[in-house]
Each structure stands twice: as C-alpha cells, then as structure tokens.
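Below is one structure; the comments refer to it alone.
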Amino acid sequence: MITKRIIPCLDVRDGRVVKGVNFAGLADVSSPVELARYYSEHGADELVFYDITASSQNRRLFTDILTKVAGSIFIPLTVGGGINSLADFDRVLRCGADKVSVNSGALKDSQLIRQAALRYGNQCVVLSVDIKRVNGCFTVFAKGGRENTGLDALAWIKEAVDLGAGEVVVNSIDTDGVKAGFDLELLSAICQAVSVPVVASGGAGGIEDFIDLFQQLPKVDAGLAASIFHFGEVSIPDLKAQLAQAGITVR
Amino acid sequence: MITIIDYGVGNLFSLKSSLEAIGQPVTISNQPETIRQGQRIILPGVGAFGDAAQKLRRSGLDQVLLEEADKGKPLLGICLGMQLLFDTSSEYGLHTGLGLIRGQVQPISSVIPPDLKVPHMGWNALHFPTDQEKHPLFNYTNDGDCVYFVHSYYAAPWGPALIAFSEYGAALTAAVARRNICGCQFHPEKSGLVGLNILRAFCEMGEDL
C-alpha cells in the first residue's frame, strides 16, 4: 500500500532558505541546494520549493537555483510562488520541477488550473490554500496569508479540484508556527470534501503531531513542515522510524 | 552511450541528471542516427497514451525503436514509455502501441476498490513474482523497496512479461520485460537511491537476455 509522505518545505528568497512564523519574521536558514540534497538523501519523500521573491531580477536567481536543486535530488519536486500563468508553469517545469503549486494566481484566475491541467495533466497541478478561521468559517487568504478573500475554503477547494487540481496542500494559518499540532478539524473537513491527495501543512511541532495526524485522519496523504526539519528539531529518519512503530506505512 | 528519446513528451531533465549521477554518458535526441548509434535506449513519457503514440509515429521514431529493439539493444520504457511498449491502450479511446510486449493498458479504477484515490501517486513497495528468478533490472533491489509512482492506467501483460508489481487494492504491474526490452511504471529517476540502482542495473544489462 502507498506510504505516507513526509515533505520538507523550503521557502526561498534572494537565493536563501527562509522560514516565517505565522508568515512574518523571516530568518535565514541555509543554502537551498545543500538543504535539498540533504533532505533527498535523508528520507524526505518529496520536496516543496516556494519562491517568495518579489522582483523579476531575483526570480531569475530562483530559476538558476531551482535548476541546481532539480539536478541534484532524485525525489519529486514541487515548486510554487509567483505562478500566475502557463508561462510560469513552463518556466519552472523546464528547470526540472515535477509539480507546480498555485495559490494567489489561481484565486485571481481559476481557469489557470484548468488550462494547466489540460496541458500538463492533473497530477502536475497542486492547489495550495492558506486558510484561517474568520467568525468560525474556514476562509481563504491570498498573498502569503495577508489578504482575506472572503472565499469559503471548502467551496474553493472543491471548485479547484473540479477544474483539475490533482492535489491540495492545506496551510492552516491558525496553527502555522504555533507548533501545537496540525489543524485536524480543518483537514478532516477537506478530506471529506475531495478525493485527491491532501497534504497537511502548518503546526507540526514534533513527531507526535505527525503520528496524531495520520492516526486520526487516515485519508491525509502527506505531512509538510519547514522549521522543525531545518533546525534539526525533528530528523526525518527518526520521524519515519516512530511512524512505522505506530503502525503507519512509511518508506 | 545511452540515448533518451525526445519525442516532445514530458520532462527529460531529471532522467538525464540521474543517469549522469551514476556516471553514465547520456544524450537526449530525436535523431534516428544518434538513437541507432547509442548502446542503450530509454523511452520516457508522461501524459496521454494516444497523443504520445501519435507523436512517436509522426516522427518515425517508432520504426527506429522497433528495429533497434529487434537487434537486441537494451530498451527501457519509463511510465507512459513503458505503457507504449504494449499492444493497445484504452485511455480516451482505443490506441495502438509499439506491440513489443503483449498486453493492454487499462484504467486502474477498473480493478481497485472505489475508495482508493486515482492516480496511484506516491511511494509504494516493489514486489517480485515468486515463481521466477528476479530479473537483472532488480539486481540491486530488494522485495519491499519503495519507488515513486504516478499513474491512472496500468499495463496488463498477456503471458509471462511481469517482473515486478505493487499492491494498491490490487496487484498493479510495476515492471515488465521480454528479452532486451523492459519497462517500469514507476519513475526510477524520482525514486532516490533505489531508483538510481535500477538505472544502474539497466546500464549493466547485456543484449538479448
């Protein structure tokens, strides 16, 4: 049976890996190429690379780094950040990305999902959603969690999957950086709503949180985290060993 | 020299990088002469069967592949490239493949329980049929090693071509072989060290097994 995936996420700005807490207060961690190679060789099942660069100058720098990363790892690579058009899909796929993650770009124009799915296949199109509770409703935020779209998260995710998104990365803004566990309530609702793979993101503080995630929500396919891996608080081989002990199928 | 066939289907960058990582000289080409000169051929592919089969035929590369395979040159199809080795596929209509391996490509959904997600995507274990010797493609691979799959269709061989399978609600074909011709449904170039070792084993395979 298919294994649960553990995915480190690398936010890259100005050619370096950064990690925000509640999407603010960025701190430099390490070289993206070194970190990616380390993860690829130490049990990561996949890597996610987010370009949080603002200027077009630095977008070229990101493209160069992405090519280096893709050429030195032999696990699947998902790339996101600043994907607004098919040309953006093309740009990162040419650098060696396997999947492309859309967020604000798809909120601006949902047809981007459909067009990309038709050209590259559903498996290539990953919907990333930043979600926060507003008055008790799961609400979609755009632009790295800064802008309330007013959209209902479940409705948006269902629409995106119907348009052709082949996987959903669920980022809970409420639990992100808090390190008190994944947002199980939110994830449970999403798993019931769609039948494509669901990746949980935001809130992992330790190994127990991953065990909780997969035991309580067997439909979740993968757990994604950044700082706990980057700062060595959780080593992926240790995490996998403990997941296996808890009866969860891992590679 | 290994030649990766470039017929306008999918991303060949990772495959090239992984062969370079195991020290194999590699060319990406759509030129019949270059393909004929190489010692080994890899047929990659992602996307839909019908479109890919048409591209192979239009470019005339299907004939080059058939001739080189017939001469005994080691050929490896990967993912859709493996499915193209078969007789036919029922993906969006009935399409004809290369016919190098007997059998048909069918939707996974027709054989797995409805609660399982399609595509079959992620890392899954390889298992080898117990009634035969392990194929040389898996000289460095153990039963239970995980590799990376992304597919909604699977190939059902007629006859003894199956050399590895995965379990996903049903036994799904993971690799097939007939003499010098082999194919894997999973992506060795995305399967970490296990995958690199499968590519290494392919590079060591002799002609006309």
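A short reminder: the numbers here are calculations on the coordinates, not readings from a lab. Quick caveat, the model's predicted, so the values are computed rather than measured. Glycine gets a Cβ as well: all are built from the backbone with ideal geometry, and neighbour counts include every protein chain shown.
See the values below:
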item	result
Mean separation of Cα contacts under 8 Å, 6 or more apart, over the residue count of region A:5-245: relative contact order %	17
Full-extension gain in nm, residue B:127 to residue B:167, via 0.36 nm per residue minus C-alpha separation	13.6 nm
Cα Rg, Dmax (largest Cα-Cα span) when computed across the protein assembly as shown, Å	21.6, 70
Cα centroid of region A:109-138 to Cα centroid of region B:177-203, whole Å	33
Debye intensity ratio in log₁₀ form over the Cα atoms of region A:52-172, taken at each q of 0.11, 0.18 Å⁻¹	-0.36, -0.92
Normalised contact order of region A:181-235, rounded percent, pairs of Cα under 8 Å and 6 or more residues apart	39
Chain A: most fluctuating residue of A:178, A:48, A:125 per GNM, C-alpha cutoff 10 Å	A:178
Cα point-scatterer Debye curve for region B:4-85, base-10 log of I(q)/I(0) at q = 0.25 Å⁻¹	-1.37
Residue-span extension gain [residue A:72 to residue A:219] - 0.36 nm each, minus C-alpha spacing	49.8 nm
For chain A, calculated [θ]222 nm from helices alone, where every DSSP H run of n ≥ 4 adds -39500 (n - 2.57)	-11000 deg cm²/dmol
Computed label-point distance, nm, for sites residue A:14 and residue B:33 using a 7 Å Cα→Cβ extension	5.2
Distant-in-sequence amide H partners of residue A:249 (H built 1.01 Å from N, under 5 Å)	A:4
Karplus 3J(HN,Hα) series, Hz, for region B:134-150 with 6.51 cos²θ - 1.76 cosθ + 1.60 (x for Gly, Pro)	4, 5, x, 4, 10, 4, 10, 10, 9, 4, x, 5, 9, 9, 9, 10, 9
Whole-Hz couplings from phi, Karplus 6.51/-1.76/1.60, listed for region B:38-49; x for Gly and Pro	x, 7, 9, 10, 10, 9, x, x, 9, x, 8, 4
Amide H contacts under 5 Å for residue A:169, placed H, 5+ residues apart	A:127, A:128, A:129, A:199
For chain B, calculated [θ]222 nm from helices alone, where every DSSP H run of n ≥ 4 adds -39500 (n - 2.57)	-7000 deg cm²/dmol
Over region B:2-204, relative contact order from alpha-carbon pairs under 8 Å, at least 6 apart, %	20
